[in-house]
1. Just to be sure I understand, how many residues within the stretch 13-46 are more than 19 Å from the chain's Cα centre (by Cα) and at pLDDT 90 or above?
2. Find the residue count for the stretch 43-58, including only residues that are under 22 Å from ASP29 (Cβ atoms) and touching a helix residue (DSSP H, G or I) at 6+ places or on another chain (Cβ under 9 Å).
3. Could you count how many residues in the stretch 35-52 are more than 22 Å from ARG73 (Cβ to Cβ) and of a type in the set (D, E, K, R)?
4. Of all residues in the stretch 57-95, which are assigned to a loop (DSSP other than H, G, I, E, B) and surrounded by 13 or more Cβ atoms within 10 Å (Cβ to Cβ)?
5. Which residue pairs have Cβ atoms closer than 8 Å, lie 6 or more positions apart in sequence or on different chains, and pair a first residue in the stretch 24-47 that is within 16 Å of MET88 (Cβ to Cβ) with a second residue that is surrounded by fewer than 17 Cβ atoms within 10 Å (Cβ to Cβ) and not hydrophobic (A, V, I, L, M, F, W, C)?
6. State yes or no: is PRO3 modelled with pLDDT under 95 and outside any helix (DSSP H, G or I)?
Amino acid sequence: MKPSFTFAVVVATVVTGIAYAQSQFPMVDMVAGKVVQKYQSSTCEQLWQNRAKAPSPEEQRILNFLKSDPAARQEFFNKIAGPVMNKMFDCGMIP
């Protein structure tokens, strides 16, 4: 009986830790989702044109937040890196 109780406690702890980690930065999750969606739905031409534009006030606010919170910035980069870098590579924006 004791080993199964210990196993249940370990599983519950792991599940709780995963749930906490996933919801630690809900705003970052939302913003990262929007960024990935933007890159996936944009053509290469649109991305090249948007590259020269200044950030909107909302984008500037988010950039300031990411600059001030290294953990949130790391979480954001982890979420967008693959999809965004692949699209930029496909569009010739990076070597």
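The values are calculated or read from the model by the stated rules, or taken from the named source; none is laboratory data. No experiment lies behind these values; they were computed from the predicted model shown. Cβ placement follows ideal geometry from the backbone for every residue including glycine, while neighbour counts extend to all protein chains displayed.
1. Total satisfying the criteria: 4.
2. First, the residues of the stretch 43-58 that are under 22 Å from ASP29 (Cβ atoms): 55-58.
Imposing the further condition that a residue be touching a helix residue (DSSP H, G or I) at 6+ places or on another chain (Cβ under 9 Å) reduces the set to 55.
Matching residues across the stretch 43-58 total 1.
3. So the answer is 1.
4. ASP69, CYS91, MET93, listed by residue number.
5. What qualifies is VAL36/PRO83; TYR39/PRO83; GLN40/PRO83; SER42/ASN50; CYS44/ASP90; CYS44/GLY92.
6. Details: modelled with pLDDT under 95: yes; outside any helix (DSSP H, G or I): no.
So PRO3 fails the test.
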